[in-house]
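Structure first, commentary second.
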Amino acid sequence: MKTLFFSAKQYDKNSFTDQNKTHNFQLEFVEEPLNRHTAVLAKGFDAICIFVNDSANAEVLDVLAEQGVKLIALRSAGYNHVDLSKAKELGIKVVRVPAYSPYSVAEHTVALILTINRKTHRAYNRVREGNFSLNGLMGFDLHGKTVGLIGLGKIGVCTAKILLGFGCKVLGYDVEEQEEVKQLGVEYSSLDNLYLKSDIISLHCPLTPDTHHIIDSSSIAKMKKGVMLINTSRGALVDTQAVIDGLKSEYIKYLGIDVYEEEADLFFEDLSDKVIKDDVFMRLLSFNNVLITGHQAFFTEEAMREISRVTLGNIASFERGGEVENEVV
Ligand code: NAD
């Protein structure tokens, strides 16, 4: 299988080249993201492999089909960046990595909660400058606090287990309730009750038409004043302008995000010598109670190994024919 990787970084090349020793596929890597201008690069490839900010919309899929691409291997769990009905119409199969390491994202979620609460990022800089003042660094005990998790799938459940270990009360909202989740000690709740009772709210549901801007001005108005909001799922779950208004009115007291609705123009690149033109993002950065990471929650050694192992396994299964493993339906 001749496969072209879009948006490929050195760490992708290392990880996939290592795993490819057992397959011997012909892999090629380009740094360009997939879009309507770059889709022609796929000419002569059987498959392409793309990441979260590559766009496989209808227009791009038409170009890919013209180039002869038959398989899109997503090296991610989320598939909101692919027009699935168009892919089906064109006979292009789409496969993904449904689970690689839910621990990676859950642990990063808790890292955001702890950092923004205990302000270790600010303390690190202070101490390096010989400033040992504690003014402004006071946090709160997580023990006894109520955390509301929206989406209790693989990552939500891992996050719940960690937070239960801290002595938090965990409320959960999901469109499907599972008995095993209740057994863990998670209390299922309506969304409104979760907003009302939670000191910390963390998002772990996929981005779908139903969840787009699930956090907006009306949901923020239902939250406890002083709430901490965490998003390690997908940027467009949150109406960023509404969150900025919540931060300005001090209704939202802390914000931790690993994803941002317009991240495709920013994340995964070194822009330190460039002018960032996204005023909404820069406004977010100006708050000292906002912590932003650039979509790195998945980025652990274990997760990268599993992503490359499963992705190449998916491609092998397509090559063998018959039922394709991990096809997105
Ligand atoms: P999952 O499929 O195991 O769980 C998702 C859960 O959300 C399911 O239980 C589902 O029933 C629930 N859900 C669906 N629609 C909902 C709705 N309208 N309201 C509430 N709950 C709803 O997925 P997962 O592996 O736990 O991943 C969750 C999300 O995390 C992914 O969709 C992806 O967007 C994000 N993610 C982010 C990173 C990162 O690096 N930041 C990495 C991996 C995944």
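The values are calculated or read from the model by the stated rules, or taken from the named source; none is laboratory data. Remember, it's a predicted structure, so these values are computed and weren't measured experimentally. Counting neighbours? That spans all protein chains shown, and the Cβs are built from the backbone with ideal geometry, glycine included.
Exactly one of (1) surrounded by fewer than 14 Cβ atoms within 10 Å (Cβ to Cβ); (2) out of contact with any helix residue (DSSP H, G or I) (no Cβ under 7 Å at 6 or more places or on another chain) is unmet by P33. Its number?
(1)
May I ask you to list the residues in segment 186-242 that are touching an Asp or Glu at 6+ places or on another chain (Cβ under 9 Å) and assigned to a strand (DSSP E or B)?
Y188, I215, V227, M228, I230, N231, V238
Could you check segment 214-237 and list, in sequence order, the residues that are over 22 Å from K169 (Cβ atoms) and either away from the ligand (no atom under 12 Å from the Cβ) or touching a Gly at 6+ places or on another chain (Cβ under 8 Å) (or both)?
Going residue by residue through segment 214-237, those that are over 22 Å from K169 (Cβ atoms) are 216-218, 221, 234-237.
Of everything in segment 214-237, those that are over 22 Å from K169 (Cβ atoms) and either away from the ligand (no atom under 12 Å from the Cβ) or touching a Gly at 6+ places or on another chain (Cβ under 8 Å) (or both) turn out to be D216, S217, S218, A221, R234.
Take residues that are under 23 Å from L266 (Cα atoms) and tell me which of the helices (runs of 4 or more DSSP H) falling wholly in segment 1-92 contain 1 or more. Outline the logic, then answer.
Numbers: elements: 10-19, 58-67, 84-90.
Here the list reads 10-19, 58-67.
Do we find a residue being in contact with a Ser or Thr (Cβ under 7 Å, 6 or more places away or on another chain), of a type in the set (K, R) and in a loop (DSSP other than H, G, I, E, B) anywhere in segment 264-277?
No, segment 264-277 has no match at all.
Just to be sure before I move on: is E306 out of contact with any helix residue (DSSP H, G or I) (no Cβ under 6 Å at 6 or more places or on another chain), outside any loop (DSSP other than H, G, I, E, B), charged (D, E, K, R) and within 16 Å of the ligand (Cβ to nearest atom) in the structure I sent?
Values: out of contact with any helix residue (DSSP H, G or I) (no Cβ under 6 Å at 6 or more places or on another chain): yes; outside any loop (DSSP other than H, G, I, E, B): yes; charged (D, E, K, R): yes; within 16 Å of the ligand (Cβ to nearest atom): yes.
It is true that E306 is out of contact with any helix residue (DSSP H, G or I) (no Cβ under 6 Å at 6 or more places or on another chain), outside any loop (DSSP other than H, G, I, E, B), charged (D, E, K, R) and within 16 Å of the ligand (Cβ to nearest atom).
Does Y251 satisfy the condition of being within 13 Å of the ligand (Cβ to nearest atom) and free of Cβ contacts under 8 Å to residues at least 40 places away in the same chain?
On the way: within 13 Å of the ligand (Cβ to nearest atom): no; free of Cβ contacts under 8 Å to residues at least 40 places away in the same chain: yes.
In short, no.
Mind checking which pairs have a first residue in segment 29-42 that is closer than 9 Å to V63 by Cα and a second that is buried (at least 17 other Cβ atoms within 10 Å of the Cβ) and hydroxyl-bearing (S, T, Y), Cβ under 9 Å, 6 or more apart or different chains?
Cβ pairs passing all conditions: R36/S55.
Considering every residue within segment 190-203, establish whether at least one is surrounded by fewer than 15 Cβ atoms within 10 Å (Cβ to Cβ), farther than 29 Å from H81 by Cβ and free of Cβ contacts under 8 Å to residues at least 24 places away in the same chain.
Yes: segment 190-203 contains one or more residues that are surrounded by fewer than 15 Cβ atoms within 10 Å (Cβ to Cβ), farther than 29 Å from H81 by Cβ and free of Cβ contacts under 8 Å to residues at least 24 places away in the same chain.
State whether the residues of segment 237-250 include one that is under 21 Å from the mean Cα position of the chain (by Cα) and over 16 Å from V290 (Cα atoms).
First pass over segment 237-250, keeping only residues under 21 Å from the mean Cα position of the chain (by Cα): 237-244.
Those left that are additionally over 16 Å from V290 (Cα atoms): 237.
For segment 237-250, residues under 21 Å from the mean Cα position of the chain (by Cα) and over 16 Å from V290 (Cα atoms): present.
Could you please find all residues in segment 127-161 being away from the ligand (no atom under 16 Å from the Cβ) and not in a loop (DSSP other than H, G, I, E, B)? Talk me through it step by step, then tell me what you get.
As a first pass, look at segment 127-161 and keep what is away from the ligand (no atom under 16 Å from the Cβ): 127-146.
Hits for segment 127-161 are V127, R128, T146.
Scan segment 16-27 for residues that are of a type outside the set (A, V, I, L, M) and surrounded by 13 or more Cβ atoms within 10 Å (Cβ to Cβ) and jot them down. It would help to see each step written out before you state the result.
As a first pass, look at segment 16-27 and keep what is of a type outside the set (A, V, I, L, M): 16-26.
Matches in segment 16-27: F16, D18, Q19, N20, H23, F25.
How many residues are within 19 Å of the chain's Cα centre (by Cα) and either surrounded by fewer than 22 Cβ atoms within 10 Å (Cβ to Cβ) or assigned to a loop (DSSP other than H, G, I, E, B) (or both) when one looks only at segment 168-178?
Going through segment 168-178 one residue at a time, the tally reaches 1.
Are there any pairs, at least 6 apart or on different chains, whose C-beta atoms fall under 6 Å, with the first in segment 295-307 and over 12 Å from S76 (Cβ atoms) and of a type in the set (S, T, N, Q) and the second at pLDDT 95 or above and not in a loop (DSSP other than H, G, I, E, B), and if so, which?
From residues that are over 12 Å from S76 (Cβ atoms) and of a type in the set (S, T, N, Q), the pairs are T300/S104.
Conditions (1) surrounded by 11 or more Cβ atoms within 10 Å (Cβ to Cβ); (2) under 23 Å from Y103 (Cβ atoms); (3) within 23 Å of the chain's Cα centre (by Cα), marked per residue:
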residue: G136; (1), (2), (3): no, no, no
residue: G139; (1), (2), (3): yes, no, no
residue: H143; (1), (2), (3): no, yes, no
residue: G153; (1), (2), (3): yes, yes, yes
residue: I162; (1), (2), (3): yes, yes, yes
residue: F166; (1), (2), (3): yes, yes, no
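Only one of these is within 14 Å of the ligand (Cβ to nearest atom) and free of Cβ contacts under 8 Å to residues at least 24 places away in the same chain: A99, A77. Name it.
Values: A99 fails: free of Cβ contacts under 8 Å to residues at least 24 places away in the same chain.
The conditions single out A77.
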